[in-house]
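Remarks on the structure that follows.
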Amino acid sequence: MPKRILTGVVVSDKADKTITVKVNRKVKHPVYKKYINRSKKYSVHDETNKYKLGEIVSIQENKPISKTKKWVVIN
């Protein structure tokens, strides 16, 4: 099965080798049929501390690296 790939914005780069990425998606409301925005934050492994606040990055699902990190940067 292919690994999921998501695109989002870096919202935190304070931790060592970890960035926090906010991913937005649009979902259709079941009753009103309007599209609404939903977002989620992911802890992502960044081996070289290369990515900074505000950058747009692509992330890919990976085997667990720690308790919360299950994604890696693929840019």
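The values are calculated or read from the model by the stated rules, or taken from the named source; none is laboratory data. The structure presented is a predicted model; accordingly, all values stated were derived computationally and were not measured. Neighbour counts run over all protein chains shown; Cβ positions are idealised from the backbone, glycine included. Just the protein is used for accessible areas: all its heavy atoms, side chains included, with ligands, DNA and RNA removed. Shrake-Rupley method; radii C 1.70, N 1.55, O 1.52, S 1.80 Å.
The accessible area of His45, taken with all protein chains in place and a 1.4 Å probe, comes to roughly 40 Å². Solvent-accessible surface (1.4 Å probe) assigned to Ser39 amounts to roughly 70 Å². Farthest towards the positive end of the charge dipole of the chain, among the residues Leu6, Val21, Asn37, is the Cα of Asn37, using unit charges on the Cβ of Lys, Arg, Asp and Glu. Rolling a 1.4 Å probe across the protein heavy atoms gives the chain an accessible surface of 77 Å² per residue. So, with a 1.4 angstrom probe, what is the percent of accessible area on the stretch 4-49 that is carbon and sulfur? Carbon with sulfur: 50 percent of the solvent-accessible area.
Taking the Cα centre of each part, how many Å lie between the stretch 39-75 and the stretch 6-21? Taking the Cα centre of each part, the stretch 39-75 and the stretch 6-21 sit 6 Å apart.
So, with +1 on the Cβ of K and R and -1 on the Cβ of D and E, and no other charges, what is the size of the charge dipole of the chain about its Cα centre, to the nearest 20 debye? Walk me through the numbers before you get to the answer.
Values: 19 positive and 6 negative charges, 115 e Å.
Its charge dipole is roughly 560 debye.
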